[in-house]
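Some notes on the structure that comes next.
Nothing in this text is a laboratory measurement; each read-out follows from the coordinates by a stated rule. Everything quoted here is computed from the prediction, not taken from an experiment. No Cβ is skipped: glycine too gets one built from the backbone with ideal geometry, and neighbour counts run over all protein chains shown.
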Amino acid sequence: MKYTIAVIPGDGIGPEVINQAKKALDAVAEAYDHIFLYKEALMGACAIEEKGDPLPEETIEICKNADAVLFGAIGDLKYDNNPAAKIRPEQGLLRLRQELGLFCNVRPVKVYDKLIKNSPFKKEIISGTDIVIFRELTSGIYFGQKELSEDGQTAFDTCTYSVEEISRVAHLAFKAAQGRRKKVTLIDKANVLITSRLWRKTVTEIAKEYKDVSLDFLYVNNAAVQMLLNPKAFDVILTTNLFGDIISDEASVFSGSVGLLASSSIGEKNALFEPIHGSYPEAKGKDIANPLASILSVAMLLEHLGLLEEADAVERAVEKSLDLGITTEDIKGKNQYFASTSKVGHFIADYITHQDDSNMNFTNIHMGQSTII
Ligand code: IPM
Ligand code: MN
């Protein structure tokens, strides 16, 4: 089959990790006889530099016409350190989410046995943790009315949710739970926020349509603690835009590195796939960033296109790289050896193509040469 993929490398380490993701996709194309046609587009600080706009019109068009969007990262220290900046790279991503109607953000958090030893958690606490976070992505306090008073002394951000906005993401969370351990936890702040009370009421109604799925509730402050004490107790987490941002960063610690977490953002017509890590400007151009989150985003993209076998091949290749210790510095543990971003990408692409490591040359791998004899 032939697919058009909009590719937005973005800023910082975005272009480097996206290059590895493309290598994985190219390997899938070769092994399974597909064609992926890449349409590159600008977003973020690089788009501000080149076009004066973090989300040029052309980028929206390219994304709307693609079968899927693959995105790297955005953000630059120049803007982070300047709170007065009027145009910010992040505005590009937020607007793209809205333009494409990407209301549901899915963030799986899995613990790889091989990496448990790197974790700050005790093995018995995190081993077997397998959570998927459903974060509402196009409403709430991120997109409500906001204002700074003329004298600069007061400001407000408003949080608004409609039943419709809550329902559409809730249904996706319940459907996902049906294919998993059949449990949804709604994270909110219903003791304080009226929007949270609307979430509880709406989600409780929806739960009646999914009799095989259990539903429970946690206040976000308590959830932040329970996740650390007993992460295995969570299956599907459903939550608002802001709480989802915070909770998913917290959950990323379980996997051993934020460089491992992929995500999808789903709308009625479009879908975007991205690593959850940021642009990590300090590592830009050094070939040291972990490309696994980007490559795992490719697996989610393939799954979304219905290419399940292909998605599985990408995931197996990632697991193989972890098993063999062909990993970047952030997850090397006590190993002396670690590989560059591009070497990890190269190994994974090779493994997808050959799906076999019996003819791999391990001396070469550790010297960073070709992985195949
Ligand atoms: C994320 C990011 C974004 C968010 C930023 C870059 C606006 O942290 O995708 O989680 O807060 O949604
Ligand atoms: Mn975030």
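Students often check this: by mean Cβ neighbours within 10 Å, which of 321-330, 152-161 ranks highest, and how do the rest follow?
Numbers: 321-330: 19.8, 152-161: 11.9.
Descending packing order for the listed peptides: 321-330, 152-161.
Cα-Cα over 18 Å: which of LYS39/LYS284; LYS2/LYS22; LYS78/LYS284; LYS182/LYS211; LYS117/LYS334; LYS320/LYS343?
Too far apart for the 18 Å limit: LYS39/LYS284.
Assuming R0 = 30 Å, what is the FRET efficiency of GLU250 and LYS208, from their Cβ-Cβ distance, to the nearest 0.05?
E between GLU250 and LYS208, to the nearest 0.05, is 0.50.
Set the Förster distance to 22 Å, then compute FRET efficiency between LYS117 and LYS232 from the Cβ-Cβ distance, nearest 0.05. Don't skip to the answer; put the middle values down first.
Numbers: r = 18 Å, r/R0 = 0.82.
Calculated value: 0.75.
Nearest 5 percent is fine: what portion of the DSSP beta bridges confined to the chain is antiparallel?
Around 40 percent antiparallel, to the nearest 5.
With r as the distance between the Cβ atoms of LEU308 and LYS182 and R0 = 25 Å, compute the FRET efficiency 1/(1 + (r/R0)^6) and round to 0.05.
0.75
Once phi is turned into θ = phi - 60°, what whole-Hz ³J(HN,Hα) does the Karplus curve with 6.51, -1.76 and 1.60 give for every residue of region 165-179, x standing for Gly and Pro?
5, 6, 4, 5, 6, 4, 4, 5, 5, 5, 5, 5, 4, 4, x
Considering amide H positions built from the backbone, and no H for Pro or chain starts, which residues 5 or more places from ALA271, or on another chain, come under 5 Å of its amide H?
Those qualifying (amide H under 5 Å, at least 5 residues apart or on another chain) are VAL69.
Between region 104-177 and region 1-77, what's the alpha-carbon centroid distance in Å?
Using only Cα atoms, the two centres lie 24 Å from each other.
What order, most packed first, do the peptides 6-13, 285-292, 245-252 have when packing is the mean number of other Cβ atoms within 10 Å of each residue?
6-13, 285-292, 245-252
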